[in-house]
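The block underneath contains the structure these notes are about, expressed in structure tokens.
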Amino acid sequence: MFSFFFTFEILFHALKKHILYILFLFLIEGAFGQYNTIRVVLVSGGRVNFNFNSINDYKNGKTDTEGTLIGVSLADADPLDGVTVDGFEIYANTPSAVIQGENPVNTLPLSTIELTPAAVSGFATTVFTAGGPLVTGTGPLPPAGPTGLLLARCRSTTGCTDVPLSSVTDIFRVTYSCGTTALNNLLGQPADYYTVEISYWVWPQCGAGDCP
């Protein structure tokens, strides 16, 4: 059993002493498993920019409300194989422990970045979480699924009827906040070019939990 994921980098680029530039770049990869077919489509938002050009920006942070639109297709590959794929979970994570600067001594905590998911269309019975700070996690190690920040869950045992999904009609948005709380603002952080890789995972569910 495999999930579908894509990754992107967040680049924090200090153009001068009080300007911070943040760039999102996306790379898409994926796979399908024995019991399911999955396709994830980047609809829009493959390039997101933040410009920090004042002390207030550093102190208060910024939020990109357009974010990234992601479409998901998911279907049971073989309804007669005795395994019914009837739900899914969506996670975000990074393999990194910190947001790394180009200068090896400069780092930012992962909590500098916060993700907020929401359905745009479809996903009628899917429950989206409030999101939260970026966290370290892993990809799936079948039969166990990925670890990280849970963005959404849909299980037949709790009323999920969304499978099959279509990437044309089932679309969700992730918005990004950077340095927007007192605990993660960028005041005092050294100017540098920071990067972090973020992965999104769609993990199939069978009944009350992971598929076999």
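Laboratory data are not the source of any read-out in this text; all were calculated from the coordinates shown. Model, not experiment: these values are computed from the prediction. Cβ placement follows ideal geometry from the backbone for every residue including glycine, while neighbour counts extend to all protein chains displayed.
Here the Debye sum runs over all C-alpha atoms of the stretch 64-212 as equal scatterers in vacuum, and log10 of I(q)/I(0) at q = 0.17 Å⁻¹ comes out as -0.96. Residues of the stretch 49-84 with an amide N closer than 14 Å to a point placed 7 Å from the Cα of residue 182 along the Cα-to-Cβ direction: 60.
Each peptide among 151-161, 108-118 gets the average number of other Cβ atoms lying within 10 Å of its residues, and from highest to lowest they stand as 108-118, 151-161. The listed peptides 201-209, 59-67, ordered by packing as a protection proxy, come out as 201-209, 59-67 (highest mean of other Cβ atoms within 10 Å first).
In the stretch 55-130, taking the dipole from charged Cβ atoms about the Cα centre, the farthest positive-side position among 124, 105, 65 is held by 105. Note: relative contact order over the stretch 110-212, using C-alpha pairs below 8 Å and six or more positions apart, is 34 percent.
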